[in-house]
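The values are calculated or read from the model by the stated rules, or taken from the named source; none is laboratory data. Here the structure is a predicted model, which is why all the values come from computation and not from measurement. Here the Cβ positions follow ideal geometry from the backbone for every residue, glycine too, while neighbour counts run over all protein chains shown. When the accessible area is computed, the model is the full protein with side chains, heavy atoms only, and any ligands, DNA or RNA have been set aside. Shrake-Rupley method; radii C 1.70, N 1.55, O 1.52, S 1.80 Å.
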Amino acid sequence: MKNPQVGIIMGSTSDWDTMKKAEEVLQQLGVNFEVKVVSAHRTPDLLFEYSETAAERGIQVIIAGAGGAAHLPGMVASKTHLPVFGVPVKSKALNGIDSLLSIAQMPAGISVGTLAIGPAGAANAGLLASQVIALHDEDVRAKLIEFRRKQTEKVLSIPDPREM
């Protein structure tokens, strides 16, 4: 995508089923983004290059999804001043609890905003990234406000679930 404002990265192509939820939200809100597989363990040089050059390429927020040991968000955060939102991807061994704890337990001084495990976390990471972009982008702000209005309207339109 041209002039990406948000980077969506993940440790493996298998993480895409989760991370595509961030893409969907960013598309809906008109935020430009890029998507890339960047493995903390298998491509550490790429991780460093991506993190160190993101700001100069116009990236304002990085969404990093990872499962298992889930070192990607923290390592990216250690190599950039940009906000990093970590999405724990559900793992086979521990259902994503391992990923959540790995991302959430950052040492003081290196921050990663940690989201829920799985697709809900990826969608919310897209929303959070959009909120950051909306601080300086009126078009995104307007779309975000409209998104929230429609969300509220949908809930209020059926106050009694028996009426569904």
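What value, in deg cm²/dmol to 500, does the helix sum -39500 (n - 2.57) over DSSP H runs of n ≥ 4 give at 222 nm once divided by the residues of the chain? Please report the intermediate quantities before stating the final value.
On the way: 6 runs with 74 residues, N = 164.
Mean residue ellipticity, 222 nm, calculated: -14000 deg cm²/dmol.
Could you please report the charge total around ALA40, scoring K, R as +1 and D, E as -1 over all other residues with beta-carbon less than 15 angstrom from its beta-carbon?
Working: positive: LYS36, ARG42, LYS79; negative: ASP15, ASP45, GLU49, GLU52, ASP98.
After counting each charged neighbour, the total is -2.
From the protein chains alone at 1.4 Å, what is the descending order of accessible area for THR152, THR53, largest first? Before the final figure, lay out each step's value.
On the way: THR152 75, THR53 35 Å².
Heavy-atom accessible area, descending, gives THR152, THR53.
What does the charge dipole of the range 1-50 about its Cα centre add up to, to the nearest 20 debye, if the Cβ of each Lys and Arg holds +1 and the Cβ of each Asp and Glu holds -1? Before the final figure, lay out the partial values.
On the way: 5 positive and 7 negative charges, 13 e Å.
So the dipole magnitude of the range 1-50 works out to roughly 60 debye.
Along the range 63-73, what does the Karplus equation 6.51 cos²θ - 1.76 cosθ + 1.60 (θ = phi - 60°) give for ³J(HN,Hα), rounded to whole Hz, x for Gly and Pro?
9, 10, x, 7, x, x, 4, 6, 7, 4, x
So what are the radius of gyration and Dmax for the Cα set of the range 1-123, in Å?
Spelled out, the Cα radius of gyration and Dmax of the range 1-123 are 12.9, 38 Å.
Would you tell me the accessible area of HIS41, worked out with a 1.4 angstrom probe on the heavy atoms of the protein chains, in Å² to the nearest 10?
Ignoring ligands and nucleic acids, HIS41 comes out at about 120 Å².
Using only the alpha carbons of the range 97-147, determine the length spanned along each of the three principal axes and report them from longest to shortest in whole angstroms.
37, 26, 8
Taking R0 as 45 Å, what's the FRET efficiency between MET164 and LEU135 from their Cβ-Cβ distance, rounded to 0.05? If you can, show how the numbers build up before the last one.
Details: r = 37 Å, r/R0 = 0.82.
Rounded to the nearest 0.05, the efficiency is 0.75.
Select from the range 1-51 those trypsin sites (Lys or Arg not before Pro) which occupy a DSSP coil region and have at most 10 other Cβ atoms within 10 Å, ordered by residue number. Walk me through the intermediate numbers first.
Values: sites: LYS2, LYS20, LYS21, LYS36, ARG42; in loops: LYS2, ARG42.
Taking the range 1-51 and a limit of 10 other Cβ atoms within 10 Å, the loop trypsin sites (Lys or Arg not before Pro) found are LYS2.
Would you look at the GNM of the chain, springs on alpha carbons closer than 10 Å, and say which of GLN60, GLN105, GLN131 moves the most?
With Cα springs under 10 Å in the chain, the top fluctuation among GLN60, GLN105, GLN131 is at GLN105.
Past the 16 angstrom mark, what percentage of all C-alpha to C-alpha distances in the range 67-164 do you count?
Numbers: 3070 of 4753 pairs.
When all Cα pairs of the range 67-164 are counted, 65 percent exceed 16 Å.
What is the dipole size for the range 6-164, taken about its Cα centre, with +1 at each Lys and Arg Cβ and -1 at each Asp and Glu Cβ, in debye to the nearest 20? Show your work: numbers first, answer last.
Values: 15 positive and 17 negative charges, 65 e Å.
Computed about the Cα centre, the dipole is about 320 debye.
Efficiency by 1/(1 + (r/R0)^6): what FRET value for ILE145 and ILE110, r their Cβ-Cβ distance, R0 = 45 Å, to the nearest 0.05? Before the final figure, lay out the partial values.
Values: r = 32 Å, r/R0 = 0.72.
That gives a FRET efficiency of 0.90.
Residue by residue, what Karplus-based ³J(HN,Hα) values in Hz, rounded to whole numbers, does the range 152-164 have, using 6.51, -1.76 and 1.60 with θ = phi - 60° and x for Gly and Pro?
Each residue of the range 152-164 in turn: 5, 4, 4, 5, 6, 6, 10, x, 10, x, 6, 8, 6 Hz.
Do any trypsin sites (Lys or Arg not before Pro) in the range 73-164 lie in a loop, going by DSSP, with at most 13 other beta-carbon atoms within 10 Å of their beta carbon, and if so which? Before the final figure, lay out the partial values.
Numbers: sites: LYS79, LYS90, LYS92, ARG141, LYS143, ARG148, ARG149, LYS150, LYS154, ARG162; in loops: LYS79, LYS90, LYS92.
The qualifying sites are LYS92.
When the expected Rg is taken as 2.2 N^0.38 Å, what fraction or multiple of it is the alpha-carbon Rg of the range 1-67? Present the calculation step by step, with values, prior to reporting the outcome.
On the way: Rg = 11.5 Å, N = 67, 2.2 N^0.38 = 10.9 Å.
Ratio of Cα Rg to 2.2 N^0.38 Å: 1.06.
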